[in-house]
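Asks: Okay, here's the structure, questions in a sec.
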Amino acid sequence: MTVYNYDMVILGSGPAGEGAAMNAAKHGKKIAVVDDRSLLGGNCTHLGTIPSKALRHSVRKIMQFNTSPLFRQIGKPQWFSIQDVLRSAESVISKQVTSRTSYYARNRIDTFFGTASFSDEHTVQVVSASGIVEQLVANEMVIATGSRPYRPADVDFTHPRIFDSDTILGIDHTPRRIIIYGAGVIGCEYASIFSGLGVLVDLIDNRDQLLSFLDREISDALSYHLRNNNVLIRHNEEYERIEGVDDGVILHLKSGKKLKADGLLWCNGRSGNTDRLALENVGLKANGRGQLQVDEHYRTAIDNIYAAGDVVGWPSLASAAYDQGRSASGNAISAGSCRFVDDVPTGIYTIPEISSIGRNEQELTHAKIPYEVGKAFFKSMARAQIAGEPVGMLKILFHRETMELLGIHCFGYQAAEIVHIGQAIMNQPGSANTLRYFVNTTFNYPTMAEAYRVAAFDGMNRLFTQPEQFSEQHHETTPIEAEASITVTEERHDSTINQ
Ligand SMILES: Cc1cc2nc3c(=O)[nH]c(=O)nc-3n(C[C@H](O)[C@H](O)[C@H](O)COP(=O)(O)OP(=O)(O)OC[C@H]3O[C@@H](n4cnc5c(N)ncnc54)[C@H](O)[C@@H]3O)c2cc1C
């Protein structure tokens, strides 16, 4: 058996592993990354974020082609199979693998392909697909082995019509009707993808509201647009039995209902990938969901073993995983150089797209914080009209006395991009976190970013004590603020300000 020595060994090459590896390599450390797949990128690239986002992008293009009058000059609406859109996703995956592989090569990071398990806290054994065993010895270890779909024992995933979010990428026919069991983020995203392809979708939610962590208005908008696109949402339902039959799947619900479809996509929970790590050899134990507990430095109960990404649970996002990985290895290299990732924007790639940061209306009301709301509807914005994307809204929640931004909630075209402008201002210290930024800043026109200006004016127009507040608290009232103040008292329906 060959033995190799490193400063740090990282298990998993998803975003958490990559973040950890790149950071350590930049600090001159000798690094090895192990992955059990023969290509780098992790589940994020091969099964999760990248394929689902590429699928969604293609489906949106198809929807645009089929609904835009512009394209009728060149042909009738066309039907596309799930295989057609899967092929386009494959090309993105392979480009991602190429880019990511080059990062490892450029940074002189050694890669090993095989299943890793601990022999002791400084030694990892790697068994390749062909059975070759290698041993990696290191001062520090980072577990970034990610997660996989949770599979309850009473659901037969060997049945050819029962899928999870991994196996759906291998589906060999386009169903006419599909049941999606689980209405979390992944379930809602796949409901958008399938309904966009014209498939009838039954979306089974075991709660009474879709994505209840969202601002209620945004969650309601998602429900409306999914229904509008032929998704039948069934709330407060739980399965009793899932029966695979020759021509499809029958879902028996505890409520007594029975649904039949050509296929069922299981989107109900994920488990951390810890079962093959031989954690007992280092004295670590995962929880019932296969996840590891870490402290605010991403350190496990064993001093030299860190963990990051989906394997540590919330928020289970690629966006956060990369930063968590970077923080974990940063801390391992030099104690204290670590950012605990607890402020994560929500990016949900349903149709329409949703993104938010900060607190929502329910939370602010519950906390008795005197907030006000400013909104911009995309249907009135030039850029959205040009793009033919009228669905959507930006909603800014701000403190009515201090003007501090408290929450940014957006759905529609480019929502996941738009939210970052608000995030940047919200993260400013002290009084620099202010709604006024948006009225004192010139935005490119026409842009979606301009929604901030429109929403800010809309919110300021709701401050009925605004003229006094401005003259008492803020000596530098700008002409625009003055204009907004005058508008409140004189003309609430002015078309420029009160959009
Ligand atoms: C359908 C879907 C859509 C998603 N969409 C988004 C999105 O839009 N935005 C977003 O931010 N997040 C999204 N996510 C979540 C995102 O994919 C994960 O949060 C992210 O992949 C976690 O990264 P990670 O580095 O922790 O692990 P992973 O990406 O899970 O990578 C872990 C790697 O470790 C390997 N591994 C496991 N065990 C071993 C072992 N014993 N030895 C060697 N290698 C091992 C795995 O095979 C894998 O290659 C989505 C997830 C899914 C399923």
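Asks: Pairs needed: first member in the range 133-162, touching a residue at least 60 places away in the same chain (Cβ under 8 Å); second member anywhere, among the charged types (D, E, K, R) and away from the ligand (no atom under 13 Å from the Cβ); C-beta distance under 7 Å; at least 6 residues apart or different chains.
Replies: 138/7; 139/7; 140/7; 157/151; 161/262; 162/156
Asks: If the requirement is being hydrophobic (A, V, I, L, M, F, W, C) and within 23 Å of the chain's Cα centre (by Cα), which of these qualifies: 286, 308, 301?
Replies: Residue meeting the stated conditions: 308.
Asks: Could you tell me which residue of the range 136-158 is surrounded by the most Cβ atoms within 10 Å (Cβ to Cβ), considering only residues that are within 14 Å of the ligand (Cβ to nearest atom) and not in a loop (DSSP other than H, G, I, E, B)?
Replies: 143
Asks: Being near the ligand (Cβ under 8 Å from one of its atoms), within 16 Å of residue 101 (Cα to Cα) and touching a Leu at 6+ places or on another chain (Cβ under 6 Å) is the filter here; which residues of the range 15-74 pass it?
Replies: 34
Asks: Follow-up question, since we're still on this one. Can you find even one residue in the range 303-320 that is crowded, with 21+ Cβ neighbours inside 10 Å, part of a loop (DSSP other than H, G, I, E, B) and more than 11 Å from the ligand (Cβ to nearest atom)?
Replies: Taking every residue of the range 303-320 in turn, none turns out to be crowded, with 21+ Cβ neighbours inside 10 Å, part of a loop (DSSP other than H, G, I, E, B) and more than 11 Å from the ligand (Cβ to nearest atom).
Asks: For the structure I just gave you, tell me whether residue 112 is of a type in the set (Phe, Trp, Tyr), assigned by TED's automatic domain parsing to the domain that holds residue 263 and either in contact with a Lys or Arg (Cβ under 7 Å, 6 or more places away or on another chain) or modelled with pLDDT of 95 or more (or both).
Replies: Against the criterion (of a type in the set (Phe, Trp, Tyr), assigned by TED's automatic domain parsing to the domain that holds residue 263 and either in contact with a Lys or Arg (Cβ under 7 Å, 6 or more places away or on another chain) or modelled with pLDDT of 95 or more (or both)), residue 112 does not qualify.
A quick yes/no check of all residues on (1) surrounded by 15 or more Cβ atoms within 10 Å (Cβ to Cβ); (2) among the acidic types (Asp, Glu); (3) away from the ligand (no atom under 15 Å from the Cβ):
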position	(1), (2), (3)
221	yes, no, yes
226	yes, no, yes
238	no, yes, yes
254	no, no, yes
258	no, no, yes
277	yes, no, no
297	yes, no, yes
301	no, no, yes
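Asks: Which pairs turn up if I take residues in the range 439-461 that are part of a loop (DSSP other than H, G, I, E, B) and among the polar types (S, T, N, Q) and look for partners that are modelled with pLDDT under 95 and surrounded by 15 or more Cβ atoms within 10 Å (Cβ to Cβ) with beta carbon separation below 7 Å, at least 6 apart in sequence or on another chain?
Replies: Once the first residue is part of a loop (DSSP other than H, G, I, E, B) and among the polar types (S, T, N, Q) and sits in the range 439-461, its partners that are modelled with pLDDT under 95 and surrounded by 15 or more Cβ atoms within 10 Å (Cβ to Cβ) give 440/480; 461/484; 461/487; 461/488; 461/497; 461/498.
Asks: Specify the residue that is surrounded by the most Cβ atoms within 10 Å (Cβ to Cβ); the eligible residues are those in the range 331-381 that are within 17 Å of residue 425 (Cα to Cα) and among the β-branched types (Val, Ile, Thr).
Replies: 346
Asks: Which count do you get for residues in the range 297-335 that are out of contact with any helix residue (DSSP H, G or I) (no Cβ under 9 Å at 6 or more places or on another chain) and modelled with pLDDT under 95?
Replies: 3
Asks: Can you name the strands (runs of 3 or more DSSP E) wholly within the range 205-294 that have at least 3 residues being at pLDDT 95 or above and hydrophobic (A, V, I, L, M, F, W, C)?
Replies: Passing ranges, in order: 231-234, 248-253, 263-266.
Asks: Can you run down the residue pairs with Cβ atoms below 8 Å, 6 or more apart or on separate chains, where the first is in the range 28-52 and under 19 Å from residue 193 (Cα atoms) and in the same structural domain as residue 112 (by TED's automatic domain parsing) and the partner is near the ligand (Cβ under 8 Å from one of its atoms) and of a type in the set (Ser, Thr, Tyr)?
Replies: Close Cβ pairs satisfying both conditions: 47/165; 48/165; 52/165; 52/190; 52/349.
The values are calculated or read from the model by the stated rules, or taken from the named source; none is laboratory data. All values reported here derive from a predicted model rather than from experimental measurement. For neighbour counting, all protein chains shown are included, and Cβ atoms are generated from backbone atoms with ideal geometry for every residue, glycine included.
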